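K.L.:
So that we are looking at the same thing, I have put the structure below in structure tokens.
Each value in this text was obtained by applying a stated rule to the coordinates, not by laboratory testing. All values derive from a computational prediction rather than experimental measurement. Because the Cβ atoms are built from the backbone with ideal geometry, glycine has one as well, and the counts that use them run over all protein chains shown.
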Amino acid sequence: MTAFLVSLDAVSAWIRHLACGQTLYFPQQSGQSGLRFLPVDNDSEIRFDGYQPSLAPPGKKLAPAEEPLFRYRVGTDGIPVIQPVLDASPRILAGVRPCDLRGIHLLDQVNQQGHPDPHYLTRRQQTVLIGCDCLTPCDEHCFCDAVGSLRWRENADLFLTRIDGQFLLEVQTEAGQRLVANQNFPACPDLAGLKAHIEAQRAKPFGRQWHADAGRIPGIVASQWSSPVWDKHVERCFSCGTCNLVCPTCYCFDVRDDFQIEDPSAGQRVRHWDGCMLPQFAQVAGGHDFRPAPAARQRHRVKRKFEYLNERCATTSFCTGCGRCGRQCTAGIDIFDIVNDLIDHAEVTP
Amino acid sequence: MKPKVAFFDFASCEGCQLAVLNCEDILLDLLALVDIVEFREAITGTAPYYDVAFIEGSINREQDAERLRDIRARSAVLVAMGACACIGNVQARSNFIAPAENFKRVYGSEERNQVQSDPEFWPLWAHTRVRAVREVVKVDYELRGCPLVPEEFVHLVKSLVAGTIPRFAAHAVCVECKMHENTCVFDRGDTCMGQITRGGCQAICITNGYRCDGCRGLVPNANMAAHLGLLQSKGLDNREIANRYRLFCSAEPLGRVGRSGHE
Ligand code: SF4
Ligand code: SF4
């Protein structure tokens, strides 16, 4: 499709313009340190440099911390009338980096499979993604290249790359095309040449790298069920769940029912985030807990990212390498180190 | 028949009872569901039997313990309400200091001498130990926090009336910081007890720019060794750490670790 070469000022003005018509989220500073995907308004600063992964990944806008699933009312005949709550308001997620684009792609997969999730999918259908490339790793926690996220851009409707003080703006879908209509952006004269130049500018190696070929990792993780590595990395763990809740591909939730106090026959079912590192996650009826040890929970988390879900969705890895879990863990536990330790351990005791 | 509900206060500031009265927008709806038979902050009167007894405050003197046992014997469900009742709160810090030393700090040496010479002089401070309610009687539910969280109070009353099992967070405060997308206190250059403290408060202190000092008590199986090491690695000395751990958690095992291991 089309490609344009646009100045920083023009890109900023365009993003502001888009934000007038609908909610547009862009990573911004807001008082406290750290970036958040916040709605852009007149006072927002549109900054592309100095990017660090946002505290929460942008995909969480499609599955918020807490949301009503349906409202109910039990009629006089005793039969409940159920009204689903769906959010079909249009939105744009802009400045989404490759790791998070891939995170949203993976969430799309799990939400479409099996029992499709109408709440996620309704929001997703109304969402336009404007991606943004990375030419240097954001910090020492990043390992997006190692898991094959760095060059991911398939699901972006539009994709921006900052190069030599300008932006290459690539239109990838019809929905993206609609957002640049009437903008009169100058066309990119030599797209192939510019792309080769961009690749040459990209840092090499890009971020942290595995101790083994990435293709071997699912097999290694599968072979290490009783590895001492699990215990080693859990010694300092608080089971606080931060690593789950900041992950772009974690989607577990729990539900609760709230009846109205003034009319107990009516109420709503609410879902809220949950996470497999939390101690009560595996507690079932009668109080039995089938995964009580923190090390078993950690193993489960790693296997979800590097073995179970990538098998189910036929992809290389369910971790996008964004580094959020390691960056935000106050105990300094990093899934990248865990997997590299598993690799090293497998070399010694396969 | 509507359940009979009573509120009792022991050593506390009665702030939790006020927090209940402050549920203004739904208080009248709640009152339609229950009969309040004792509530010193709001009504006078007594009853012989209670379906639900809410206990506010820590248990400091033996006569308090006696009164509590009597209430327990006449109550179907007993709820500890607020940090004082659940974990002892700030007053339980006095457990770490010999009574005579406490008294000297507060009243000077004259009264301290008097207490040792005058058998008639037996002031309030001469209790044996500040106790949480569960150290004296069986507790069915705990409404944690200083003060309690009104939403949790309402949730409990609704569940008791509807006959459903109330659910309270047993996860760390970190969960709610993530839900509010807070910058971690450790990334703001301060230290925090959120990882070992029970959530349910919506991380209200951190969301409003402060840190968590642990008023809701410990999560089950709190990794105290890791937390101690973390605070030490941030440059806190053991005295500061013990003070932090004891501020609210004095009646919790954590406060005792602060005492025995590091002073
Ligand atoms: S963020 Fe760190 S401390 Fe918290 S559960 Fe995850 S690994 Fe454990
Ligand atoms: S497991 Fe960690 S590094 Fe991987 S996608 Fe999730 S938060 Fe990012």
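K.L.:
Name the residue from A:ALA203, A:SER30, B:SER58 whose Cα lies farthest towards the positive end of the charge dipole of the protein assembly as shown, charges +1 on Cβ of Lys and Arg and -1 on Cβ of Asp and Glu.
P.N.:
Result: A:ALA203.
K.L.:
Provide the packing ranking of A:283-290, B:179-186, i.e. peptides ordered by the mean count of other C-beta atoms within 10 Å per residue, highest first.
P.N.:
Numbers: A:283-290: 8.8, B:179-186: 19.5.
Ranked from most to least packed, the peptides come out as B:179-186, A:283-290.
K.L.:
How many partner chain Cβ atoms sit within 10 Å of a residue's Cβ in peptide B:191-201, on average, as a whole number? Don't jump to the answer; show the numbers that get you there.
P.N.:
Working: counts 1, 1, 0, 4, 9, 3, 0, 0, 2, 0, 0.
Mean shielding count: 2.
K.L.:
Here is a follow-up. Quick one: work out the % antiparallel among DSSP beta bridges in the protein assembly as shown, nearest 5. Show your work: numbers first, answer last.
P.N.:
Working: 43 of 72 bridges.
Bridges in the protein assembly as shown are about 60 percent antiparallel.
K.L.:
For every other residue with a beta carbon closer than 13 angstrom to the beta carbon of B:ALA170, add +1 if it is Lys or Arg and -1 if Asp or Glu, then tell me the sum.
P.N.:
Working: positive: B:ARG144, B:ARG167, B:ARG198, B:ARG216; negative: A:ASP254, A:ASP274, A:ASP289, B:GLU142, B:GLU152, B:GLU176.
Charge balance near B:ALA170 sits at -2.
K.L.:
Moving on to the next point. For chain B, build the charge dipole from Cβ charges (+1 Lys, Arg; -1 Asp, Glu) around the Cα centre, then report which of B:ALA19, B:HIS227, B:PHE186 sits farthest towards its positive end.
P.N.:
B:HIS227
K.L.:
Which cysteines does chain B leave without a neighbouring Cys Cβ under 4.7 Å?
P.N.:
Cys with no partner Cβ under 4.7 Å: B:CYS13, B:CYS16, B:CYS23, B:CYS84, B:CYS86, B:CYS177, B:CYS184, B:CYS192, B:CYS201, B:CYS205, B:CYS212, B:CYS249.
K.L.:
Quick one: P(r) of chain A from all Cα-Cα pairs, 20 Å bins, percents rounded to integers, in order of increasing distance.
P.N.:
Once binned at 20 Å, the Cα pair distances of chain A give 27, 54, 18, 1.
K.L.:
Give me a single rounded figure for B:134-144: the average over its residues of other chain Cβ atoms within 10 Å of their Cβ. Let's see the in-between values first.
P.N.:
Numbers: counts 0, 0, 0, 0, 0, 0, 0, 0, 0, 0, 0.
Taking the mean over all residues of the peptide, I get 0.
K.L.:
Between A:HIS197 and A:LYS232, 0.36 nm times their residue separation minus their Cα-Cα distance comes to what?
P.N.:
Details: separation 35, 0.36 × 35 = 12.60 nm, distance 4.39 nm.
Result for the pair: 8.2 nm of gain on full extension.
K.L.:
I would also like to ask the following. Pull up all non-local amide H partners of A:LEU69: gap of 5 or more, or a different chain, and H-to-H distance under 5 Å with H placed in the peptide plane.
P.N.:
Counting only residues 5 or more places away or on other chains, the set is A:ARG269, A:VAL270, A:ARG271.
K.L.:
Mean-square fluctuation check for chain A, GNM, Cα pairs under 10 Å: which of A:SER12, A:SER33, A:SER89 is largest?
P.N.:
Comparing A:SER12, A:SER33, A:SER89 in the GNM, the peak value goes to A:SER33.
K.L.:
Any chance you could list the semi-axes, whole Å, largest first, of the equivalent ellipsoid that the Cα gyration tensor gives for chain B, using √(5λ)?
P.N.:
For chain B, the ellipsoid semi-axes come out as 31, 28, 14 Å.
K.L.:
Among A:GLN113, A:ALA331, A:MET1, whose Cα lies farthest out toward the positive end of the dipole of chain A, if unit charges sit on the beta carbon of Lys, Arg (+1) and Asp, Glu (-1)?
P.N.:
Value computed over the given set: A:GLN113.
K.L.:
Report the percentage of all Cα-Cα pairs in segment A:191-350 whose separation exceeds 28 Å, rounded to a whole percent. Provide the component values of the computation, followed by the final result.
P.N.:
On the way: 4369 of 12720 pairs.
Looking at segment A:191-350, the distances longer than 28 Å represent 34 percent of pairs.
K.L.:
Among the lysines, select those whose C-alpha is under 23 Å from the C-alpha of A:LYS204, and discard any that sit fewer than 8 residues away in the same chain.
P.N.:
A:LYS195
K.L.:
Would you please give the residues with an amide H less than 5 Å from that of A:HIS141, counting only those at least 5 places away or on a separate chain, with H modeled from the backbone geometry?
P.N.:
Residues meeting the amide H criterion: none.
K.L.:
Using unit Cβ charges (K, R positive; D, E negative) and no other charged atoms, how large, in debye to the nearest 20, is the dipole of the protein assembly as shown about its Cα centre?
P.N.:
960
K.L.:
Please sort A:116-126, A:294-304, B:66-76 by packing, taking for each peptide the average over its residues of neighbouring beta carbons within 10 angstrom, highest first.
P.N.:
Values: A:116-126: 16.6, A:294-304: 20.1, B:66-76: 14.9.
Put in order of decreasing packing, that is A:294-304, A:116-126, B:66-76.
K.L.:
Using a Förster radius of 30 Å, what is the FRET efficiency between A:GLN83 and A:GLU154 based on their Cβ-Cβ separation? Nearest 0.05, please. Numbers along the way, then the final one.
P.N.:
Details: r = 36 Å, r/R0 = 1.19.
The value I calculate is 0.25.
K.L.:
Averaged across the residues of A:325-333, what count of C-beta atoms belonging to other chains lies within 10 Å of each residue's C-beta?
P.N.:
Numbers: counts 0, 0, 2, 7, 3, 13, 6, 2, 0.
If you average over the peptide's residues, the count of other-chain Cβ atoms is 4.
K.L.:
Oh, and also: Hey, got the dipole for chain B? About the Cα centre, +1 on K and R Cβ, -1 on D and E Cβ, debye to the nearest 20? Could the numbers behind the result be given before it?
P.N.:
Values: 30 positive and 33 negative charges, 156 e Å.
The dipole magnitude comes to about 740 debye.
K.L.:
Still on this structure: Computed from the mean reciprocal separation of all distinct C-alpha pairs, what Kirkwood hydrodynamic radius does the protein assembly as shown have, in Å? Each step should come with its number before you reach the end.
P.N.:
Details: mean 1/r = 0.0364 Å⁻¹.
After inverting the pairwise mean of 1/r, the radius is 27.5 Å.
K.L.:
Can I ask one more? Between segment B:180-254 and segment A:78-140, how far is it from one alpha carbon centroid to the other, in angstrom?
P.N.:
Their Cα centres are 34 Å away from one another.
K.L.:
Place a +1 charge on the Cβ of each Lys and Arg in segment A:210-350 and a -1 charge on the Cβ of each Asp and Glu, then give the dipole magnitude about the Cα centre in debye, rounded to the nearest 20.
P.N.:
Values: 16 positive and 17 negative charges, 36 e Å.
Approximately 180 debye in magnitude.
K.L.:
Can you figure out the FRET efficiency of A:ARG312 with A:SER7, using R₀ = 51 Å and their beta-carbon distance, to the nearest 0.05?
P.N.:
On the way: r = 44 Å, r/R0 = 0.86.
Calculated value: 0.70.
K.L.:
Let me ask you something else. Taking amide H positions as placed 1.01 Å from N in the peptide plane, with prolines and chain starts having none, which residues 5 or more places from A:ASP274, or on another chain, fall under 5 Å of its amide H?
P.N.:
Result for A:ASP274 returns A:CYS252, A:PHE253, A:ASP254.
K.L.:
Between B:THR164 and B:ARG74, with labels modelled 7 Å along Cα→Cβ, what's the label distance in nm to one decimal, could you check?
P.N.:
Modelled inter-label distance: 3.3 nm.
K.L.:
Can you compute the modelled spin-label distance between B:ASP35 and A:PHE70, with each label point 7 Å from Cα toward Cβ, in nm?
P.N.:
In this crude label model, B:ASP35 to A:PHE70 measures out at 3.9 nm.
K.L.:
What is the calculated FRET efficiency for B:ASP237 to B:GLU14, with r their C-beta to C-beta distance and R₀ = 51 Å, to the nearest 0.05? Mind dumping the intermediate values first?
P.N.:
Working: r = 36 Å, r/R0 = 0.70.
Working from the Cβ atoms, E equals 0.90.
K.L.:
Still on this structure: Quickly work out the B:ARG67-to-A:ARG47 label distance, labels modelled 7 Å from Cα along the C-beta direction, and quote it in nm with one decimal.
P.N.:
5.8
K.L.:
If each residue's Cβ is checked for other Cβ atoms within 10 Å, how do A:LEU101, B:LEU30, A:LEU135 rank with the fewest at the top? Could the numbers behind the result be given before it?
P.N.:
Working: A:LEU101 26, B:LEU30 18, A:LEU135 14.
Placing the least packed residue first, the sequence is A:LEU135, B:LEU30, A:LEU101.
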